[in-house]
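Heads up, the thing below is written out as structure tokens.
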Amino acid sequence: LRALWTPLRVGGTTIPNRVMTSAMTLQYGERGRISDRHLAFYRERARGGVGLVFSEQLTATRVSGSPFPEALDAHDDGAIDGFNAIAAALAPYETRFFAQLFAAGAVDVSASGLDGWGPVRGPSPIAAPGGEQPLPLTRGEIATIVEDFARSAAHVRAGGLDGLEVHGSHGWLIGQFLSPYYNRRDDEYGGDAGNRCRLAIELGQAVRAAVGHKFPVGLSLCYDELIGAAGITPEDTLEQLSVLSAAGIYDFFDLSIGSSHSEHHTIAPMDVPEGFALAFAARAKALVGDAAAILVAGRIVDPTMAAFAVADGAADMVAMSRAHLADPYLLAKLRERNRRITRCVGANTCVARALRGEPVACVLNPATGREAAWGEGTLDRVDPARARSVLVVGAGPAGLRFAATAARRGHDVVVHERHAEPGGHLRQWSWLPARGAWARAVDDMVASLEEAGGRLVLGSEPDATALVNEAPDVVAVATGAAWDASGRTPERPDRAAIPGADDGRAVGLDVALERWRRDPTSLGTRVVIVDGVGTFAPFGLAEGLAAGDVDVEVVTPATTLGARAAEQLELPHILPRLRELGVALTLGHHLDEIADRRVVLADVWGGRGRTVAGVDTVVLACARDPRDALYRALVGRVGNVRRVGDALAPRDTAAVIHEAEALARQLESHGRDTDLTFVQ
Ligand SMILES: Cc1cc2nc3c(=O)[nH]c(=O)nc-3n(C[C@H](O)[C@H](O)[C@H](O)COP(=O)(O)O)c2cc1C
Ligand code: SF4
């Protein structure tokens, strides 16, 4: 790992080590400005020891804005105060902070707020998928963009930040000029590689003139748009790198994959192998040599992989961006050697929130975005005389988090889990194709429980009487939720269940997963899965079954397929695999009736329905109910009992882990027999 700790000189600045967080749009801004939440977030990563932190993409010109209404801007001189605040927050640390300057181009939205409804602008009238057809930029407007970037760069420097990057990747404006798909211009900005690089060079020169020779200035590049020869290919990027590095402006190139057609590779979910971008980075490094530093991002979560990449000379710096959402202290912990880190699993709750315009959170780390309240050093340890005996029933994500935090605070904690393996629903997810990383999340949760001195007892299901006899100070019932098998669905508000759902053929998703895991043939040869949730899980079961030659149809009442899986950038990886396996996918239908082996599907809008014959099993993934019988049996019989997580109310995993953390932090202040309803 020594390679990681070697400082790197970039321009006139020294970065203390080789790990960075590349730009991440956090959606923490307040009226277009850096907020206290940003400052706490960045300070936490600096304390954790990361060498270089990038800002999120900052709008650098008025000509082409950002599709996010709450985007931060850099072109207005009011931005300097925010930069000063970041510089002041990070002053005690060696970590360097670079701004990313950006313009959206064709991916902008013309009418997102109430002001500035001009047409979207781009190099040529070529729309991005789902986007608007842009009005081509005039030469005069391009000159204004160049001036605006230079002014933004001057603000970055005036604000005391350490460097900046022009955002040329991911299919935003500068990347559109570099792309043969978006750039069809016949003036000096279009045509061959030299012309397509012209805007990046002019911007670089103007920025350089504004900030001086020593200030680190780099360019981010997408090395493959993944649309074949129609877009930027790795070979194009090597050609662009020759042109750009010969221009001698940029101190570094920051490489990552993907643009508007392929953001599911840019922010790759767990379907994609770790470290996939390193092979291209090595080619780029061989080409540019010492002329510029090569930075690279792409699902690097293992510090050993990062260290190898640097030691082998594949890259000068390695991004572990989401890895630092999951654990801002991963480098500090690595240095201490004996502390376990929480590894990013590629669940993409973070990016789904950012794309929806919601403040970024991490499914595994409830402190992300809440650093002021829950960052390192905020946990009160209890006076040993006041330490409680805490018994947790259920080692799912809520139970494990509750237990680990309570144990870290000095309480005496034991977790009982009825299965032979911990993890609750995460354990089931980890069985699904391409979802094995969830097992790693469970391992890390158990490790942090044990590190804190908590104990886990597997294959143990204490009943109410045993718990009453044992009489711990606190019982936390974290027994999760069960999938409904009656088929109740909002699409049929007139009835409580699907006729025929009780004939033994209909099972909830959890039961189906357990059976399939034990015996892949146990669900029969024809299975209908009703997906009312839109996550990867119903698709995962479909894929697993179809890989075993089961005939599978996924039916959803929704009018879009897998909406949640799409937001998490999983769907584009899953769908081709389902198609390859011949899984049938039906939109806009709900289950009307199960009659013997026939399943009647009704069109949610009243059109003609359909019957599927010869069905062995109907899997229902529509609704969940809290598994809270134990809680009900304990209320009034033990001193202090509460439900945690899905056992209280079934929700997203991020929400139940958040709740567990909040509860464990307030353990002593709860009254008796209360569900905690807390205000965080
Ligand atoms: C929530 C989120 C927001 C992002 N916003 C930006 C951005 O503003 N600019 C950018 O260049 N990349 C952005 N990215 C992409 C990351 O910089 C990085 O390329 C990607 O996450 C892959 O690196 P990782 O696997 O280490 O996370 C974002 C990623 C995430 C997860
Ligand atoms: S939400 Fe998932 S992908 Fe995002 S940082 Fe957390 S673990 Fe990683």
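Observations, loosely collected:
- Complete set of residues in segment 630-658 that are closer than 19 Å to Leu391 by Cβ, part of a loop (DSSP other than H, G, I, E, B) and among the small types (Gly, Ala, Ser): Gly636, Gly639
- All positions within segment 207-223 that are out of contact with any strand residue (DSSP E or B) (no Cβ under 7 Å at 6 or more places or on another chain) and open to solvent by less than 30 Å² (accessible area, probe 1.4 Å): Gly212
- When Ala387, Ala404 are screened for being more than 16 Å from ligand 1 (Cβ to nearest atom), open to solvent by less than 40 Å² (accessible area, probe 1.4 Å), under 22 Å from Ala647 (Cα atoms) and among the aliphatic types (A, V, I, L, M), only Ala404 passes.
- Selection count, segment 82-94, where residues are more than 26 Å from the chain's Cα centre (by Cα) and over 24 Å from Glu358 (Cα atoms): 7
- Residue in segment 355-370 that is of a type in the set (D, E, K, R), open to solvent by 10 Å² or more (accessible area, probe 1.4 Å) and more than 30 Å from His416 (Cα to Cα) present: yes
- Some residue of segment 164-174 being more than 22 Å from Met317 (Cα to Cα), open to solvent by 10 Å² or more (accessible area, probe 1.4 Å) and free of Cβ contacts under 8 Å to residues at least 60 places away in the same chain: no
- Residue within segment 304-324 that is surrounded by fewer than 24 Cβ atoms within 10 Å (Cβ to Cβ) and modelled with pLDDT under 95 present: yes
- None of Thr21, Thr25, Thr59 is crowded, with 19+ Cβ neighbours inside 10 Å, under 20 Å from Gly175 (Cβ atoms) and either in contact with a helix residue (DSSP H, G or I) (Cβ under 6 Å, 6 or more places away or on another chain) or charged (D, E, K, R) (or both) except Thr25.
- Considering residues of segment 445-486 that are touching a Phe, Trp or Tyr at 6+ places or on another chain (Cβ under 8 Å) and small (Gly, Ala, Ser) only, the residue farthest from Asp625 (Cα to Cα): Ala476
- Within segment 453-485, the residues that satisfy the criterion of being surrounded by fewer than 19 Cβ atoms within 10 Å (Cβ to Cβ), modelled with pLDDT of 95 or more and small (Gly, Ala, Ser) are Gly453, Gly459, Ser460, Ala464, Ala466, Ala482.
- Selection within segment 317-367: residues that are among the β-branched types (Val, Ile, Thr) and within 10 Å of ligand 1 (Cβ to nearest atom). The member of this set that is nearest to Val53 (Cα to Cα) is Val318.
- Selection count, segment 141-169, where residues are part of a loop (DSSP other than H, G, I, E, B) and touching a strand residue (DSSP E or B) at 6+ places or on another chain (Cβ under 6 Å): 3
- Across segment 567-583, the qualifying residues are those that are farther than 15 Å from Glu553 by Cα and among the acidic types (Asp, Glu), and the one among them that is surrounded by the most Cβ atoms within 10 Å (Cβ to Cβ) is Glu570.
- Among the residues of segment 101-137, those that are of a type in the set (A, V, I, L, M) and in a helix (DSSP H, G or I) comprise Ala106, Val107.
- Any hit, segment 97-105, residues being in contact with a Gly (Cβ under 6 Å, 6 or more places away or on another chain), closer than 22 Å to Arg198 by Cβ, at pLDDT below 95 and of a type in the set (Gly, Ala, Ser): no
- Flag if Ala649 is surrounded by fewer than 19 Cβ atoms within 10 Å (Cβ to Cβ), among the aliphatic types (A, V, I, L, M), at pLDDT 95 or above and over 28 Å from Thr556 (Cα atoms): no
- Selected residue [assigned to a strand (DSSP E or B) and either basic (Lys, Arg) or away from ligand 2 (no atom under 14 Å from the Cβ) (or both)] from Val382, Val392: Val392
- Condition check for Asp81: touching a residue at least 40 places away in the same chain (Cβ under 8 Å), outside any loop (DSSP other than H, G, I, E, B), away from ligand 2 (no atom under 16 Å from the Cβ) and more than 30 Å from Arg18 (Cβ to Cβ): yes
- Among the residues of segment 355-397, those identified as aliphatic (A, V, I, L, M) and farther than 30 Å from Ser35 by Cα are Val382, Ala385, Ala387, Val390, Leu391, Val392, Val393, Ala395.
- Members of segment 341-362 found to be more than 7 Å from ligand 2 (Cβ to nearest atom) and of a type in the set (Val, Ile, Thr), listed by number: Ile341, Thr342, Val360
- Residues in segment 31-78 that are assigned to a loop (DSSP other than H, G, I, E, B) and within 16 Å of ligand 2 (Cβ to nearest atom): Gly48, Val50.
- So Leu52, is it of a type in the set (A, V, I, L, M, F, W, C) and either open to solvent by 10 Å² or more (accessible area, probe 1.4 Å) or away from ligand 1 (no atom under 14 Å from the Cβ) (or both): no
- Segment 281-327, subset assigned to a loop (DSSP other than H, G, I, E, B) and either among the β-branched types (Val, Ile, Thr) or at positive phi (or both), residue farthest from ligand 2 (Cβ to nearest atom): Gly313
- Verdict on Val530 being of a type outside the set (Phe, Trp, Tyr), in a strand (DSSP E or B), crowded, with 21+ Cβ neighbours inside 10 Å and modelled with pLDDT of 95 or more: yes
The values are calculated or read from the model by the stated rules, or taken from the named source; none is laboratory data. No experiment lies behind these values; they were computed from the predicted model shown. Don't worry about glycine lacking a Cβ; one is built from the backbone with ideal geometry, like all the others, and counts go over all protein chains shown. Ligands, DNA and RNA are excluded from the accessible area calculation, which covers all protein heavy atoms including side chains. Shrake-Rupley method; radii C 1.70, N 1.55, O 1.52, S 1.80 Å.
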